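Here's the structure we're looking at; comments come further down.
The values are calculated or read from the model by the stated rules, or taken from the named source; none is laboratory data. Note that the structure is predicted; figures quoted are calculated from it, not measured. Here the Cβ positions follow ideal geometry from the backbone for every residue, glycine too, while neighbour counts run over all protein chains shown. Just the protein is used for accessible areas: all its heavy atoms, side chains included, with ligands, DNA and RNA removed. Shrake-Rupley method; radii C 1.70, N 1.55, O 1.52, S 1.80 Å.
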Amino acid sequence: MYIRILTSADAEIYRELRLQSLLQNPEAFLSSYESESKISMVTTRIRLEPSDNNFTLGAFIAEEKLVGIVTLFRESRPKIRHKAHVYSVYVDPCARKQGVGRLLMLELIKRAKLVPGLEILILTLTSTNLSAKRLYESLGFIRYGTEPRAMKLGPDYQDEDLMYLPLVPEL
């Protein structure tokens, strides 16, 4: 397995895995399969183009099969530019329980620490997603709150845990 930054050339395989994530785990994402499937391939290519402040990592196994993704998006407004968000973490069920999510997050954290002025990573997750919560806590993320009824999926509500990881020693 190897991990690398995805580019516009990866748009088709990224889109396939992203849509799979929304179908298989709709409770884990704020976006929906219906809305994401309407996004054009051109837009997907544009979104995947990495910059100094935004990138998507992909985990690959045998013969270029994309099995995991995670996106970092840095805030652009000056007062909150010290923060970046972690979005769209997903590992294909065929690759789960093999450390793919951990390796993706470790690589994201390593790259985030190299971004000048970036001090903190922020993410949210469905409160009932205990395996993801354990992973993030093992990487040093700290839960700082819960947003009740953060998402409504059909008639059911999902709470979200809010977590952060300091990239520099806190004063």
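Using protein chains only and a probe of 1.4 angstrom, how many square angstrom of THR128 are accessible, to the nearest 10?
That residue has around 100 Å² of solvent-accessible surface.
Compute the relative contact order of segment 1-148 as a whole-number percentage, counting only Cα pairs closer than 8 Å that sit 6 or more residues apart in sequence.
Computed value for segment 1-148: 21 percent relative contact order.
Taking +1 at the Cβ of each Lys and Arg and -1 at the Cβ of each Asp and Glu, which of PHE141, VAL67, LEU130 sits farthest along the dipole of the chain towards its positive end, judged by Cα position relative to the Cα centre?
PHE141
What FRET efficiency would be calculated for the residue pair LYS79, LEU139, taking the C-beta separation as r and a Förster radius of 35 Å, to the nearest 0.05?
Computed FRET efficiency for LYS79 and LEU139 comes out at 0.85.
With +1 on each Lys and Arg Cβ and -1 on each Asp and Glu Cβ, and nothing else charged, work out how big the dipole of segment 1-43 is about its Cα centre, in Debye to the nearest 20.
In debye, rounded to 20, segment 1-43 gives about 120.
Where does each of GLU34, GLU107, GLU27 land when they are ordered by accessible area, with a 1.4 Å probe and the largest first?
GLU34, GLU27, GLU107
Given the whole protein assembly as supplied and a 1.4 Å probe, what does the accessible area of ILE80 come to in Å², nearest 10?
Estimated to the nearest 10 Å², ILE80 gives 40 Å².
Under a straight-distance cross-link criterion of Cα-Cα below 16 Å, which aspartates and glutamates are reachable from LYS65, leaving out those fewer than 8 residues away in the same chain?
The qualifying aspartates and glutamates are ASP10, GLU12, GLU16, ASP92.
Which lysines does LYS152 reach when only Cα atoms under 23 Å apart count, and residues fewer than 8 places away in its own chain are ignored?
Within the straight-line cut-off, LYS152 pairs with LYS38, LYS133.
Sorting TYR33, TYR164 by accessible area (1.4 Å probe), largest first, what list results?
The most accessible residue leads, giving TYR33, TYR164.
Roughly how many debye, to the nearest 20, is the charge dipole of the chain about its Cα centre, given +1 on each Lys and Arg Cβ, -1 on each Asp and Glu Cβ, and no other charges?
With Lys and Arg at +1 and Asp and Glu at -1, about 340 debye.
Note down the magnitude of the dipole of segment 12-105 about its Cα centre, charges +1 on Lys and Arg C-beta and -1 on Asp and Glu C-beta and zero elsewhere, to the nearest 20 debye.
Here segment 12-105 has a charge dipole of around 460 debye.
Let me check something: with ligands and nucleic acids excluded, how do ARG81, ARG15 order by accessible area (1.4 Å probe), largest to smallest?
ARG81, ARG15
Enumerate the aspartates and glutamates that LYS97 could reach by cross-link, defined here as Cα to Cα under 18 Å, with residues fewer than 8 away along the same chain left out.
By straight Cα distance, LYS97 reaches GLU107, GLU137.
Could you please state how large a percent of the accessible area of segment 51-171 is carbon and sulfur, counting protein chains only and using a 1.4 Å probe?
Heavy-atom surface of segment 51-171 belonging to carbon and sulfur, 1.4 Å probe: 54 percent.
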